[in-house]
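The values are calculated or read from the model by the stated rules, or taken from the named source; none is laboratory data. The model shown is predicted, which means the values in this text are computed figures rather than measured ones. Ideal geometry is used to build each Cβ from the backbone, glycine not excepted, and the neighbour counts take in all protein chains shown. Note: areas computed on protein heavy atoms with side chains; ligands, DNA, RNA excluded. Shrake-Rupley method; radii C 1.70, N 1.55, O 1.52, S 1.80 Å.
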Amino acid sequence: MRTQVGIVGAGPAGLLLSHLLHLEGIESVVIEARSRAEIESTIRAGVLEQGTVDLLVEVGVGERMRREGAVHRGINLRFSGETHRIDLHELTGGKAITVYAQHEVIKDLVAARIATGGALLFEVSEVTLHDVETRTPRIRFRHEGGQREIACDFIAGCDGFHGVCRSAIPQDRRTDYQHVYPFGWFGILAEAPRSTEELIYTRHERGFALVSTRSPELQRLYFQCDPRDDEDRWSDERIWEEFRARLEGKDGFRLAEGPIVQKGIVAMRSFVIDPMRHGRLFLAGDAAHIVPPTGAKGMNLAVADVRVLSRALAVFFTSGRTDLLDRYSSTCLRRVWLAERFSRWMTAMTHLDETSDAFSNRLQLAELEYVTSSRAAAVSLAENYVGLPMA
Ligand code: DHB
């Protein structure tokens with residue numbers, strides 16, 4: 001098989017890249033280890049920045065998102081038993097976020113690729129990359145019982161943090177930056193009415209909690225937990241008890257509860273590889289960087305990466321110019337580090353770190369006090385939350 005761009009991974013990065021390249025008249029093949037049913041049903045985050053929404057609409061895959069997604073013009077920070085609203089819309093000159101699940105974005109992108117004859121191969125295994133330092137890199141893998149090979153001009157490594165592509169960059173040609181947090185998030189999906197119109201990020205003595213949503217009937221909530229905990233040790237009643245303890249307070253706020261239809265624990269880390277490119281291999285999305293989930297930057301960064309990459313590849317294929325490809329890593333990393341900063345700040349401001357002393361805990365409250373009382377601080381939160389301007 002031969003194509004212009006071989007894409008490893010059918011997550012938001014790989015699928016959107018394939019779609020953007022198609023719009024530029026560039027051929028690609030996407031290979032994915034999981035099945036289509038699995039990628040279309042795995043529950044992940046659900047907050048889209050304004051720039052992500054605008055891009056999806058601009059490239060023709062935003063129709064269902066516009067219909068079914070919920071536009072939120074503010075978020076809430078809750079601490080010391082009180083809720084404080086951050087008016088994203090007013091503080092950013094009219095921007096907002098859209099709550100629309102990542103797997104819905106995936107469904108829309110898969111449908112768009114299939115409608116235009118895109119090559120998507122699911123359930124591939126034993127993926128290996130070859131000759132990435134040459135002009136003719138190749139991807140080898142197994143599919144439907146046979147050994148396959150894609151010869152291409154470029155490889156896009158969009159196979160996530162645990163994927164194989166990153167390891168094709170030699171250790172002595174890269175720097176990995178990493179921070180692992182001593183806590184995780186326990187996430188649930190519950191069949192319940194909304195408890196709140198807008199997301200609530202809570203700092204509580206028992207730890208962080210977040211009230212998000214998916215639809216008027218389905219809610220997404222998280223609480224900070226031990227990353228080594230086992231979700232099966234948590235009954236529905238115990239889960240709701242924990243949420244009530246962290247969220248309900250003297251101001252009368254009450255959670256709407258209902259059957260829990262999905263639960264799981266995610267570990268939290270910050271990770272960045274520099275550079276995001278080696279020869280003709282370009283990493284995008286979680287393959288190159290991870291943010292802790294606080295602030296919901298993960299999928300938005302993946303979208304920003306492939307926007308830069310698709311433009312650089314389009315310029316290369318029309319003119320042979322390599323300057324945008326040469327700047328791909330530094331262009332992306334500028335945004336990545338700003339998102340790393342913001343995600344870590346949001347995490348540090350709202351999560352309980354058991355190793356922190358009483359002084360640090362009071363500083364955490366002062367940070368929340370400042371961001372909810374100073375317009376300058378609130379603008380800073382808001383412009384990062386809705387997403388900094390795209391490169
Ligand atoms: C959601 C996830 C996040 O990480 C976040 O900061 C806000 C919302 C969500 O899944 O809805």
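Just to check your reading of the model, which residue among 211, 272 is closer than 24 Å to residue 301 by Cα, more than 15 Å from the ligand (Cβ to nearest atom) and modelled with pLDDT of 95 or more?
It is 272.
Restricting to the stretch 97-119, give me the number of residues that are of a type in the set (A, V, I, L, M), open to solvent by less than 30 Å² (accessible area, probe 1.4 Å) and either part of a strand (DSSP E or B) or not assigned by TED's automatic domain parsing to the domain that holds residue 61 (or both).
2
Would you please name the residue that is surrounded by the most Cβ atoms within 10 Å (Cβ to Cβ), looking only at residues in the stretch 120-137 that are in contact (Cβ under 8 Å) with a residue 40 or more places away in the chain and assigned to a strand (DSSP E or B)?
Ranking the candidates gives 129 first.
Are any residues in the stretch 293-318 part of a helix (DSSP H, G or I) and closer than 23 Å to residue 227 by Cβ, and if so, which ones?
Within the stretch 293-318, 298, 299, 301, 302 qualify.
Only residues that are among the charged types (D, E, K, R) and within 12 Å of the ligand (Cβ to nearest atom): list them for the stretch 175-208, please.
Scanning the stretch 175-208 gives a single hit, 198.
Which one of these is in the same structural domain as residue 155 (by TED's automatic domain parsing), touching a Pro at 6+ places or on another chain (Cβ under 7 Å) and among the charged types (D, E, K, R): 327, 321, 344?
344
Can you name the number of the only condition in (1) closer than 30 Å to residue 183 by Cα; (2) touching a helix residue (DSSP H, G or I) at 6+ places or on another chain (Cβ under 8 Å); (3) more than 16 Å from the ligand (Cβ to nearest atom) that residue 339 fails?
Unmet condition: (3).
Determine which member of the set 298, 285, 264 is within 16 Å of the ligand (Cβ to nearest atom), in contact (Cβ under 8 Å) with a residue 12 or more places away in the chain and surrounded by fewer than 16 Cβ atoms within 10 Å (Cβ to Cβ).
264
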